[in-house]
1. I need the per residue convex hull volume for region A:3-71, using only the alpha carbons, in cubic angstrom as a whole number.
2. Return one whole number: the accessible area per residue of chain A in Å², for a 1.4 Å probe.
3. Taking the alpha-carbon centroid of each part, what is the distance from region A:115-166 to region A:48-68 in angstrom?
4. Using only protein heavy atoms and a 1.4 angstrom probe, determine the accessible area buried between B and A, summed over both sides, in Å² to the nearest 100.
5. By the scheme Lys and Arg +1, Asp and Glu -1, what is the net charge of all other residues having a beta-carbon under 12 Å from that of B:Ala62?
6. Quick one: of the DSSP bridges fully inside the protein assembly as shown, what percent are antiparallel, nearest 5?
7. Heavy-atom accessible surface, probe 1.4 Å, ligands and DNA/RNA ignored: which residues of region A:2-25 lose at least 20 Å² versus the isolated chain?
8. Could you tell me, in Å, what Rg and Dmax come out for the Cα atoms of chain A?
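The values are calculated or read from the model by the stated rules, or taken from the named source; none is laboratory data. From a predicted model like this one, the values you see are computed outputs, not experimental measurements. Reconstructed Cβ throughout: ideal geometry from the backbone, glycine too, with neighbour counts over all protein chains shown. Please note that ligands, DNA and RNA were not included when accessible areas were found on the heavy atoms of the full protein model with its side chains. Shrake-Rupley method; radii C 1.70, N 1.55, O 1.52, S 1.80 Å.
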Amino acid sequence: MKIDHLALMNEERAARRAAILVTRLEDGAQRLLREAEIDADPAADILHERLRKGKSGIVEIDGAEHFLTVQVPPVRIVIIGAVHISQAFAPMAKLAGFDCTIIDPRTAFASPERFPDVTLLDEWPDDALPRIGLDAYTAFVALTHDPKIDDPALNAALTAQCFYIGALGSKKTHAKRVDRLREAGFDETAIGRIHAPIGLDIGAVSPAEIAVSILGEIIATLRSDRRRT
Amino acid sequence: MIANDNDILREAEAWTREGRGVALATVVETWGSAPRPVGSHLVIDAEGSFLGSVSGGCVEGAVIADAIDVIESGKPKMLEFGVADETAWQVGLSCGGRIRVYVERIDG
């Protein structure tokens, strides 16, 4: 593999753009395609299909075995609310291999002392989210229960088709939230994508246990095609 | 530190730029209950230092040995590992799965 190919793969991943490295296995010949370059490739159909699934694997191109290293942007978790659950969640998410960003405009909550080693933005979601850019490779978690903070962010997450959207709150809180989302123009399918009550039903009590249940639910959604049930 | 596949490719680039001989091993095919999915990487340098994994630790030793050859020769290699109790395999996977691992040199 040429160092240039490796460098470009690293660059594209850091910019949250997809890329595919095509390796002909019999002789090691390689080409690297950025997402925008796939259309022009002779094997565009196969490449697009693999990219949609986000799965690396062996394919046959022109009668020869090729390995496709399919690189989709790394999964990232965006949390609204620098709350107690988030303090437990951030190190767990990091250990599980997910980038984690926490957003909360309330500076008393969003303090570096409470959140060492995690990207922390003490801004309103309306300011922070357009800049960091939500996408289909992002899991979104709203934890403040404050409609002023959570609602605009939830709207953005639904619009961006985040692969997981969860919102903390009792059934009553969520029912009111659903009313507000309907008023904002979201249909039942979109609203149905929100995991609420948030987290797997493991009877979680403490903030750390709730963090486990949320992280478990995110992984279960990410890996839904591998689940036994 | 536990490295994920993103860190591994970044490290592979950094090691190469430092002038070290580096090989990248990638799981290209699996059958049965293989421990690591297709696309998993192991990066190895000429001294045998490594980062990442292509199995649950069962075959890394063998991959590293072959990777050092690949770093010297520059010729990519395809390795195949299966269940431990079959005589056909030097090193086995106790889980009963089979994997193919592609090892290539990174040319700096």
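1. Cα-based convex hull of region A:3-71, divided per residue, equals 78 Å³.
2. Solvent-accessible surface per residue comes out at 50 Å².
3. Using only Cα atoms, the two centres lie 34 Å from each other.
4. By this definition, chains B and A bury close to 1700 Å².
5. -3
6. Antiparallel: roughly 65 percent of the beta bridges in the protein assembly as shown.
7. Going by heavy-atom accessible area, the residues of region A:2-25 that drop by at least 20 Å² are A:Ile3, A:Leu6, A:Ala7, A:Asn10, A:Arg13, A:Leu25.
8. 20.0, 62
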